[in-house]
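The structure under discussion appears below in the form of structure tokens.
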Amino acid sequence: AAVLASESGAGHAPGGGGSGFDAERALAELQAAPAGGEKALHLLVGTTHDAVRFFALQVLCGATGGARAAPSVAKLPFEARRAVQRQVMAWATGFGADFAGAMGAFVRTKVALLLVQLVKIDFPCSGAERGEA
């Protein structure tokens, strides 16, 4: 929790009253922030801690609309979704053959879920359905 608190900058009790870190609050704060997806992406690629990676991936999955991933529920516009997809793929493939050993299975599963949701949103859809002009 301490690593997640220091890396995310979110989830501390209001007023610093010593209540410590609240992961649910941090997740809600980051998901609600205007640049929450961007910050989550930076957390994902900038840490070696699996808990922080999972947290960041959870924020990104939420931005896709979750299990109901579709253009109508996605918080990220088309170009932002494509950018996230490219950056997550570049990050994941950067591990090469060591991908399985570089992180826990729960993180790898969340990476796969995020990528599936990103593809699911836009396939098969027309350009108008994706939010393109």
Within the under-9-Å Cβ sphere about residue 36, not counting residue 36, Lys/Arg +1 and Asp/Glu -1 give a net charge of 0
Computed ³J(HN,Hα) along segment 31-37: with the Karplus parameters 6.51/-1.76/1.60, θ = phi - 60°, integer Hz and x for glycine or proline, the list is 5, 7, 5, x, 10, x, x
Expected unfolding gain across residue 42-residue 98 under the 0.36 nm per residue rule, minus the alpha-carbon gap, is 18.1 nm
Heavy-atom accessible area with a 1.4 angstrom probe orders 110, 120, most exposed first, as 120, 110
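The values are calculated or read from the model by the stated rules, or taken from the named source; none is laboratory data. Note that the structure is a prediction, hence the values are computed from the model and not measured. Ideal geometry is used to build each Cβ from the backbone, glycine not excepted, and the neighbour counts take in all protein chains shown. The area values use the complete protein model at the heavy-atom level, side chains included, leaving out ligands, DNA and RNA. Shrake-Rupley method; radii C 1.70, N 1.55, O 1.52, S 1.80 Å.
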